[in-house]
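Working notes for the structure below.
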2 protein chains.
Amino acid sequence: MEPKKKITFDDIAKYTNFSKTTISRYFNDPDSLAEESQRIISEALVKLNYKENKVARILANGQTEFIGIIVPELYHRFFSEVLNRILSTYETYGYKFLVFVGDRNEESERRYIRELMAYQIEGLIVLSHTISSRELARLQIPMATIEREDRYVCSVNTDNYTGGRLAAELLAGHDCDVLIHINSPTDPHIPAYGRITGFQDFCRERGLEHELLFRDVDRSHEGDQAILREIVDDLEERYRGKRKGIFLSNDILASTLLNLLFRRYGRLPDDYKIVGFDDSPTSREAIIPLSSVGQQVDRLAHEAVGLVVDQIKARKEGRPLSKTPVHKVIDPVLVRRESTEGER
Amino acid sequence: MEPKKKITFDDIAKYTNFSKTTISRYFNDPDSLAEESQRIISEALVKLNYKENKVARILANGQTEFIGIIVPELYHRFFSEVLNRILSTYETYGYKFLVFVGDRNEESERRYIRELMAYQIEGLIVLSHTISSRELARLQIPMATIEREDRYVCSVNTDNYTGGRLAAELLAGHDCDVLIHINSPTDPHIPAYGRITGFQDFCRERGLEHELLFRDVDRSHEGDQAILREIVDDLEERYRGKRKGIFLSNDILASTLLNLLFRRYGRLPDDYKIVGFDDSPTSREAIIPLSSVGQQVDRLAHEAVGLVVDQIKARKEGRPLSKTPVHKVIDPVLVRRESTEGER
């Protein structure tokens, strides 16, 4: 490309017939201008091939306005939904997000984080479980984790314990004879473990017959189908004629169970009540609308970004990061649908 | 934080008992070292609180190793899957990705792109439809679009036309009396339009009775349910006793139709054959496994990153970007499952 004269605010003002003050406002507080004016200036910038250079500014003050995000995967819609909401905060805070999919590769995740540090990211949001919070804390940058082990770092989590209780209470309220929770073997240090203890405590307090089934689920859809088929065969033998209330650790698993029962009986038999977890889009799209303990994805995302932004501000103002990590807890929301309430 | 002495390769070598050459190799070609050595060095870097500063390097040579990605949304799993695969190329190419969710807000998308340009990103991958390829081309940076209007920029698209033909051929092969394609009103300039023309041409060539139904789908799940219910009522009246082969524009829509039929009949009636598009996880998780025209998401993602990386290299070597955009076309893959083949 041929070298070009650098475009200034003056040039943009002349081209658009706006004042220089208006052009400056466009860059610093665009929403203070009418939409039409924004459009005109925006198009002028493209036509004039205007290029701002922020790299020099970074070097001067270390403010990259980058935040790193580490997600474990994007298959479960909880993760893609949270990511979606985090990215959408660009409108509010102006931070740009560097995203990495961890896929349980510890070394690769570590190398990525180190690279991000080299690029002077200002903060980090971590949803993957790979690296311990003790190690993350050593990075000494503004950080928040979501729904993972968080002992040494700030975090935002759903109140999973209450979520587990709500699921059990819903099933108990429909006169289930036995309450069953299906989950993968879960580390007691992660927030999601609360789903198990909440469910269990509620059942114990009320003296309800209940079972916890830990199986190797969430590895593949075909694997989950086989595991759930086996569980249903077993339950139907052991609890013949009894009403079974089943709480599954996520919506995809609950939807797989619904499909299995529908294929077997052409409908959801009256002696089954099913509830999932997450209230992800999967719960509305299931063969029948699925009751679910909802995580408030939008609040999880906004609180996490807010936590990081607060820490960034504190640092800029020369205040030290808090020694004790802040842990924010978001209420779960029980959503009752056809899988427990029947057709309405 | 107290000021710290800058950590050098010497310090890392001493701490780990590796040579300085090994430490240097760790940074420039980590996979040339044994995994165990990588782990030891990686942990040492954390312990020593090593911080590389790449910002100075950017200022010197303009190489940020950042690529921007613009996705329209992450609700349809086609987009979250493509994003997942693009992000995973970090292992191969080392580029870091700045991700933005467009959500059809043109001004916001434009401002975001301009910000990315200011941070000297090296390339851009665009999946959103918001900004015309003519405007994108003016940015004059290495770029590839995926499945969107691409006249003036490099792109990677599925051969949608062949996909539409494959869907029609599959349904025709099962002796359907009438072939129906359900889609939203589609802009002829986007690649997905080929699904419509491919389907139509196949039907015309073979003299098959067929219909194109354009409805305002893909806005909300509840809206889609209502629209599909109306279509099914209408089809059952007009084609009583005839076998209906239905090709839907994406898997979520096809799964919604399957659910509707299952709830009405307790099974998929013999006079329906259903095929979706994308072969996203939704097609395997549907009430019965859904036949689908698969997009090769992994290849779309890799070819797009490859195209951008090629252009970045060309630019570094002082070669001009090609004046004629390169358009790569990826074959669709027909996946036959129970929704057309019956239970096996």
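Quick check: anything in region B:206-218 aromatic (F, W, Y) and crowded, with 16+ Cβ neighbours inside 10 Å?
Just the residues of region B:206-218 that are aromatic (F, W, Y), to begin with: B:214.
Subsequent filtering for residues that are crowded, with 16+ Cβ neighbours inside 10 Å retains none.
No, every residue in region B:206-218 fails to be aromatic (F, W, Y) and crowded, with 16+ Cβ neighbours inside 10 Å.
Restricting to region B:287-344, name every residue that is more than 19 Å from B:H174 (Cβ to Cβ) and of a type in the set (K, R).
If the condition is that a residue be more than 19 Å from B:H174 (Cβ to Cβ) and of a type in the set (K, R), then B:R299, B:K313, B:R315, B:K316, B:R319, B:K323, B:K328 are the ones that fit.
Please pick out the residue among B:I246, B:I274, B:I252 that is within 14 Å of chain A (Cβ to nearest Cβ), on the phi < 0 side of the Ramachandran plot and hydrophobic (A, V, I, L, M, F, W, C). First the steps, then the outcome.
Details: B:I246 fails: within 14 Å of chain A (Cβ to nearest Cβ); B:I274 fails: within 14 Å of chain A (Cβ to nearest Cβ).
Of the residues listed, the single one that is within 14 Å of chain A (Cβ to nearest Cβ), on the phi < 0 side of the Ramachandran plot and hydrophobic (A, V, I, L, M, F, W, C) is B:I252.
When the residues of region B:18-52 are filtered to those that are more than 22 Å from A:I131 (Cβ to Cβ) and of a type in the set (S, T, N, Q), which remaining residue is modelled with the lowest pLDDT?
Top of the filtered list is B:N28.
Inspect all residues belonging to region B:150-161 and state whether any of them is at positive phi and either among the polar types (S, T, N, Q) or without any contact (Cβ under 8 Å) to a residue 12 or more places away in the chain (or both). Even if it seems obvious, please write down each step before you answer.
Step one: filter region B:150-161 for residues at positive phi, giving none.
Among the residues of region B:150-161, not one is at positive phi and either among the polar types (S, T, N, Q) or without any contact (Cβ under 8 Å) to a residue 12 or more places away in the chain (or both), which makes the answer no.
Quick check on this structure: which one of A:V308, A:V333, A:V329, A:V293 is in contact (Cβ under 8 Å) with a residue 12 or more places away in the chain and in contact with a helix residue (DSSP H, G or I) (Cβ under 7 Å, 6 or more places away or on another chain)? Don't jump to the end; show me each part of the working.
Values: A:V308 fails: in contact with a helix residue (DSSP H, G or I) (Cβ under 7 Å, 6 or more places away or on another chain); A:V333 fails: in contact with a helix residue (DSSP H, G or I) (Cβ under 7 Å, 6 or more places away or on another chain); A:V329 fails: in contact with a helix residue (DSSP H, G or I) (Cβ under 7 Å, 6 or more places away or on another chain).
Every option except A:V293 fails the conditions.
Where residues in region A:228-241 are free of Cβ contacts under 8 Å to residues at least 40 places away in the same chain and in contact with a helix residue (DSSP H, G or I) (Cβ under 9 Å, 6 or more places away or on another chain), which of them is farthest from A:L170 (Cα to Cα)?
Let us first name the residues in region A:228-241 that are free of Cβ contacts under 8 Å to residues at least 40 places away in the same chain, namely A:229-230, A:232-234, A:236-238, A:240-241.
If we keep only those that are in contact with a helix residue (DSSP H, G or I) (Cβ under 9 Å, 6 or more places away or on another chain) as well, we get A:229, A:232.
Numbers: A:R229: 24, A:V232: 21 Å.
So, considering only residues that are free of Cβ contacts under 8 Å to residues at least 40 places away in the same chain and in contact with a helix residue (DSSP H, G or I) (Cβ under 9 Å, 6 or more places away or on another chain), the one farthest from A:L170 (Cα to Cα) is A:R229.
Since B:T324 meets every condition but one in (1) free of Cβ contacts under 8 Å to residues at least 60 places away in the same chain; (2) within 30 Å of A:A254 (Cα to Cα), which condition does it not meet?
Checking B:T324 against (1) free of Cβ contacts under 8 Å to residues at least 60 places away in the same chain; (2) within 30 Å of A:A254 (Cα to Cα), the one that fails is (2).
I'd like to check something: does region A:190-199 contain any residue that is under 22 Å from A:R151 (Cβ atoms) and touching a residue at least 60 places away in the same chain (Cβ under 8 Å)? Before the answer, list the steps.
Of all residues in region A:190-199, those under 22 Å from A:R151 (Cβ atoms) come to A:190-198.
Pick out the ones that are also touching a residue at least 60 places away in the same chain (Cβ under 8 Å) and you get A:190, A:195.
Yes; the residues of region A:190-199 include at least one that is under 22 Å from A:R151 (Cβ atoms) and touching a residue at least 60 places away in the same chain (Cβ under 8 Å).
Residues that are under 23 Å from B:I252 (Cβ atoms) and outside the structural domain of B:R114 (by TED's automatic domain parsing), at least 3 per element: which helices (runs of 4 or more DSSP H) completely within region B:131-213 meet that? If you could, list the steps in order and put the result at the bottom.
Details: elements: B:133-137, B:160-173, B:193-206.
In region B:131-213, the matching helices (runs of 4 or more DSSP H) lie at B:160-173, B:193-206.
Looking for whichever is surrounded by fewer than 22 Cβ atoms within 10 Å (Cβ to Cβ) and of a type in the set (S, T, Y) here; the options are B:S88, B:S80. Which one fits? Break it down stepwise before answering.
Values: B:S80 fails: surrounded by fewer than 22 Cβ atoms within 10 Å (Cβ to Cβ).
Residue meeting the stated conditions: B:S88.
Just need a number here: residues in region B:250-269 that are assigned to a loop (DSSP other than H, G, I, E, B) and without any contact (Cβ under 8 Å) to a residue 40 or more places away in the chain.
So the first thing to find is which residues in region B:250-269 are assigned to a loop (DSSP other than H, G, I, E, B), and the list is B:250, B:266-269.
Then drop every residue that is not without any contact (Cβ under 8 Å) to a residue 40 or more places away in the chain, which leaves B:266-267, B:269.
The total comes to 3.
For residues that are more than 22 Å from B:F79 (Cβ to Cβ) and at the interface with another protein chain (Cβ under 9 Å from one of its Cβ atoms), tally how many sit in region A:68-111.
Of the residues in region A:68-111, 7 are more than 22 Å from B:F79 (Cβ to Cβ) and at the interface with another protein chain (Cβ under 9 Å from one of its Cβ atoms).
So in region B:125-158, with the set limited to residues that are of a type in the set (D, E, K, R) and surrounded by fewer than 18 Cβ atoms within 10 Å (Cβ to Cβ), which one is farthest from the other protein chains (Cβ to nearest Cβ)? Walk me through how you get there before you give the answer.
Taking region B:125-158 as the starting set, the residues that turn out to be of a type in the set (D, E, K, R) are B:134-135, B:138, B:147-151.
Then keep just the ones that are surrounded by fewer than 18 Cβ atoms within 10 Å (Cβ to Cβ); that gives B:134-135, B:138, B:151.
Details: B:R134: 10, B:E135: 6, B:R138: 6, B:R151: 17 Å.
Looking at the filtered set, the residue picked out is B:R151.
The values are calculated or read from the model by the stated rules, or taken from the named source; none is laboratory data. What you are looking at is a predicted structure, and each value in this text was computed from that prediction instead of being measured. Ideal geometry is used to build each Cβ from the backbone, glycine not excepted, and the neighbour counts take in all protein chains shown.
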